[in-house]
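Worksheet: the structure to be examined is printed underneath.
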Amino acid sequence: MINEDLTLKGHLSIRLNGEVVQDVPNLVVTAGKNFVASRIKDTTDAAMSHMAIGTGTAAAAAGQTTLSAEADRNTLTSTTVSSNTVTYVATFGAGEGTGAIVEAGLFNASSSGTMFCRTVFSVVNKGASDSMTITWVITVS
């Protein structure tokens, strides 16, 4: 009998003004797993295209479909596939999503849409003149 387990794991790196301030794991939520299954069938669901940051402190949970308190959502600046990984990058420039940022998520729409992953992390204080870049790597194993 052949027994294979497909695992999705994520990790993100947060840069503030070019300096890495945090490296954190993420949770692939139930909606994200359903998204992957649907993409294996066809392209009915749109590809991941946006990343959001927020100020909500609720712990990440599998059943979540949104951030707790979304502060800003931007189009991904790049998406790269290499072997069994997908790397998503988004930048939140000066004046975008300022405040005490503690959560992030990947989505397939500019508003609403399917949330693939969500993570919470220690506070990153993003001032009005700061630029934040998040690099999010999803590994399929």
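The values are calculated or read from the model by the stated rules, or taken from the named source; none is laboratory data. Source: prediction; values computed, not measured. Note: ideal-geometry Cβ built from the backbone for every residue, glycine included; neighbour counts use all protein chains shown.
Where residues in segment 93-112 are closer than 15 Å to Gly54 by Cβ and under 13 Å from the mean Cα position of the chain (by Cα), which of them is surrounded by the most Cβ atoms within 10 Å (Cβ to Cβ)? Among them, the one singled out is Leu106. Is it the case that segment 85-104 has a residue that's at pLDDT below 95 and in contact with a strand residue (DSSP E or B) (Cβ under 6 Å, 6 or more places away or on another chain)? Yes. Only strands (runs of 3 or more DSSP E) whose full extent lies in segment 1-111 are considered here, and the ones with at least 2 residues that are in contact (Cβ under 8 Å) with a residue 12 or more places away in the chain and either of a type in the set (S, T, N, Q) or over 20 Å from Ser131 (Cβ atoms) (or both) are 8-16, 19-25, 70-75, 85-92. Scanning segment 132-141 for residues that are in contact with a Phe, Trp or Tyr (Cβ under 7 Å, 6 or more places away or on another chain) and under 14 Å from Arg73 (Cα atoms) gives a single hit, Met132. Residues considered: Val124, Val120. Of these, the only one that is modelled with pLDDT of 95 or more, under 17 Å from Leu12 (Cα atoms), within 13 Å of the chain's Cα centre (by Cα) and not small (Gly, Ala, Ser) is Val120. When segment 109-130 is filtered for residues that are on the phi < 0 side of the Ramachandran plot, of a type in the set (S, T, N, Q) and out of contact with any Phe, Trp or Tyr (no Cβ under 7 Å at 6 or more places or on another chain), the ones remaining, listed by number, are Ser110, Ser111, Thr119, Ser122, Asn125, Ser129. When you scan segment 26-39, do you find a residue that is surrounded by 14 or more Cβ atoms within 10 Å (Cβ to Cβ), touching a Ser or Thr at 6+ places or on another chain (Cβ under 6 Å) and closer than 19 Å to Ser122 by Cβ, even just one? Checked against the condition, which is being surrounded by 14 or more Cβ atoms within 10 Å (Cβ to Cβ), touching a Ser or Thr at 6+ places or on another chain (Cβ under 6 Å) and closer than 19 Å to Ser122 by Cβ, segment 26-39 yields at least one hit. Of Thr87, Thr80, all but one fail to be over 12 Å from the mean Cα position of the chain (by Cα) and not charged (D, E, K, R); the exception is Thr80.
Of the residues making up segment 127-136, those that are part of a strand (DSSP E or B) and either under 14 Å from Ala94 (Cα atoms) or at pLDDT below 95 (or both) number 2.
Filtered by the rule that a residue be in contact (Cβ under 8 Å) with a residue 40 or more places away in the chain and in a strand (DSSP E or B), segment 112-126 gives Met115, Phe116, Cys117, Arg118, Thr119, Val120, Phe121, Ser122, Val124, Lys126. Here Val89 meets the list (1) surrounded by 13 or more Cβ atoms within 10 Å (Cβ to Cβ); (2) touching a His at 6+ places or on another chain (Cβ under 8 Å) almost entirely, failing just condition (2).
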